[in-house]
Amino acid sequence: MPSIANLPTDLYIDGNWTKPAQPRSFTVSDPATGERVAQVADAGLDDARAAVDAAAAALPAWRDTPPRARAEVLRKVHLLMLERLEELARIITLENGKPLADSRAETRYAAEFFRWYSEEACRNLGSVSQAPAGGYRILVQHQPIGVVALVTPWNFPSAMGARKIAPALAAGCTVLVKPASLTPLSMLALADILAEAGVPAGVVNIVPTSRSGPLVDHWLHDPRVRLVSFTGSTEVGRILLKAAADQVLKTPMELGGNAPFLVLDDADVEAAVDGAMIAKMRNMGEACTAANRFYVGAGVYDAFVRAFAERMRAQKSGHGLDEANQVGSLIDAATRDKVEELVRDAVARGARVLCGGEKQSGPGYFYPPTVLGEVPAGSRVLNEEIFGPVAPIVRVASEDEMVELANGTEYGLAAYLYTRDLARGLKLAERLEFGMVALNRGLVSDPAAPFGGVKQSGLGREGGREGMQEYMETKYVAVEW
């Protein structure tokens, strides 16, 4: 495995490190310092076409590879990622800004997708049944959809790629990967691991570019591409959905979120604070599943706010490579500036700053862990995805009001709920209009579970057995009996 100093930074097409057709490159910087980390090849439309050519040529052989053989390849990827965990984690921290502890956790999470789908690859089960009218049998089978385009975000540069690549390969598809231009290095680092594990040339093609729109649009209009999977903002998702309609592509997408964190009056406050720290501060809040707004019952409001602010205030910020730091840099100036704007808007409307609230001086895009109390309705911070370490808290009088406030958004990805009464929690979870609910825990993601949202938070599911089905077509054969 190459170190960050000699990590390949060309395009990875048809099993080879390839220079772009036009000699262009773009800079990847460390968000904690602003310093250049690497210069990466900048793909154009000719390179996009070459990647599709490679994926289409590799499809028949990979599609026909026995599931057990595909499974063994994925299992080896899992083992190799864990073997090289420290180096992969360091790459994440340098290009993304998160602390090493978070980067290690992300690498383990990413590797687990390859293990999970190494097991699922052999469980592509169909069915045979008798037609109700008699006389013939209904045979149902699931076949790989073909060449798929995967567009990944910058906030989890290893895990979001793994969450798409692993089920696609398990299903028998070949893939085109367009990593985020802010964080392409983690996907490039994965290329050599895939090859060493036995992924044949052309099965995975990784094409970084600074001109994402034209390149992805080209893929979406190539008739050989049959699916586009995207993780990112709802705004970009809408654009891709419109483009995908031209070829009637399958479109599993994980889009924006505005996750509520509900603390009922009967909650264990200490456990709720523990969960809040995970749900809010994982990746500095730069996650679609991050707790975005906190609705706390009046009976426990003061105790929760006091303990939560104390925990947030104790977090140490600094470069992610320093093991002493728990909070790293945000990804760029635009992200930090938006966080600052949202806090200022809330304060101007009457919110109280309980800790943090002012951006840090010096290099990098740091913003301190911030807790805002008594945040009034109408504050932007309650309605927009924060993507930063800011927790706006609202005092709520009743359970019904809490549900109404939680559901009052166009998004529906994740929600968090704390109560000592399990039956009450399960009933309340059914009323929440979200694809995922974490009940008495601050982490909802698991490779074995179907990840995805409702409303404008996306389509389809990633993870679980459902994740592989997204990359399959269902075929029905009527068999004369």
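Within region 156-180, the set of residues being of a type in the set (S, T, N, Q) and in contact with a Ser or Thr (Cβ under 8 Å, 6 or more places away or on another chain) comprises Ser158 only. Of the helices (runs of 4 or more DSSP H) contained entirely in region 1-114, those carrying at least 3 residues that are under 23 Å from the mean Cα position of the chain (by Cα) and more than 25 Å from Thr174 (Cβ to Cβ) fall at 85-96. Which ones in region 147-190 are under 28 Å from Ser29 (Cα atoms) and touching a Pro at 6+ places or on another chain (Cβ under 7 Å)? Result: Thr152, Pro157, Met160, Gly161, Pro179, Ala180, Ser181, Thr183, Pro184, Ser186, Met187, Leu188.
Each residue in region 223-238 was checked for being in a loop (DSSP other than H, G, I, E, B) and surrounded by fewer than 20 Cβ atoms within 10 Å (Cβ to Cβ), and 3 pass. In region 375-387, the count of residues that are under 27 Å from Lys316 (Cβ atoms) and more than 23 Å from the chain's Cα centre (by Cα) is one or more. All of Met187, Met277, Met284 fail the test of being at positive phi, in a helix (DSSP H, G or I) and at pLDDT 95 or above, apart from Met284. Please work out if Ala348 is over 24 Å from Asp266 (Cβ atoms), among the small types (Gly, Ala, Ser) and at pLDDT 95 or above. Criteria met by Ala348.
Assessment of region 313-322 against the conditions (closer than 14 Å to Asn283 by Cα, of a type in the set (S, T, N, Q) and either at pLDDT 95 or above or assigned to a loop (DSSP other than H, G, I, E, B) (or both)) yields at least one matching residue. Among the residues here, Asp217 does not qualify as closer than 28 Å to Pro23 by Cβ and open to solvent by less than 40 Å² (accessible area, probe 1.4 Å). Filtered by the rule that a residue be more than 27 Å from the chain's Cα centre (by Cα) and touching a residue at least 24 places away in the same chain (Cβ under 8 Å), region 391-400 gives Val394, Arg395, Val396, Ala397, Glu399.
Among residues that are over 26 Å from Ile13 (Cβ atoms), out of contact with any Gly (no Cβ under 7 Å at 6 or more places or on another chain), open to solvent by less than 20 Å² (accessible area, probe 1.4 Å) and among the small types (Gly, Ala, Ser), Ala89 is included. Filter region 10-23 for residues that are touching a residue at least 60 places away in the same chain (Cβ under 8 Å) and touching a Ser or Thr at 6+ places or on another chain (Cβ under 8 Å); which is farthest from Ala334 (Cα to Cα)? It comes out as Tyr12. For region 142-158, filtered to residues that are hydrophobic (A, V, I, L, M, F, W, C) and buried (at least 24 other Cβ atoms within 10 Å of the Cβ), the residue that is farthest from Arg49 (Cα to Cα) is Phe156. Scan region 190-201 for residues that are of a type in the set (Gly, Ala, Ser) and either touching a strand residue (DSSP E or B) at 6+ places or on another chain (Cβ under 6 Å) or assigned to a helix (DSSP H, G or I) (or both) and the total you get is 3. The residue that is least open to solvent (accessible area, probe 1.4 Å), counting only those in region 287-313 that are free of Cβ contacts under 8 Å to residues at least 60 places away in the same chain and farther than 12 Å from Val371 by Cβ, is Val300.
Quick one: which residue in Ala133, Ala101 is modelled with pLDDT under 95, at negative phi, open to solvent by 10 Å² or more (accessible area, probe 1.4 Å) and not acidic (Asp, Glu)? Please lay out each step first, then the result.
Working: Ala101 fails: modelled with pLDDT under 95.
Among Ala133, Ala101, only Ala133 is modelled with pLDDT under 95, at negative phi, open to solvent by 10 Å² or more (accessible area, probe 1.4 Å) and not acidic (Asp, Glu).
If we scan region 256-264, do we find a residue that is surrounded by fewer than 22 Cβ atoms within 10 Å (Cβ to Cβ) and within 17 Å of Arg424 (Cβ to Cβ)? Within region 256-264, not a single residue is surrounded by fewer than 22 Cβ atoms within 10 Å (Cβ to Cβ) and within 17 Å of Arg424 (Cβ to Cβ).
The values are calculated or read from the model by the stated rules, or taken from the named source; none is laboratory data. Given the structure is predicted, the values throughout are model-derived calculations rather than measurements. So basically every Cβ, Gly included, is an ideal-geometry build from the backbone, and we count neighbours across all protein chains shown. Accessible surface areas use protein heavy atoms only, side chains included; no ligands, DNA or RNA. Shrake-Rupley method; radii C 1.70, N 1.55, O 1.52, S 1.80 Å.
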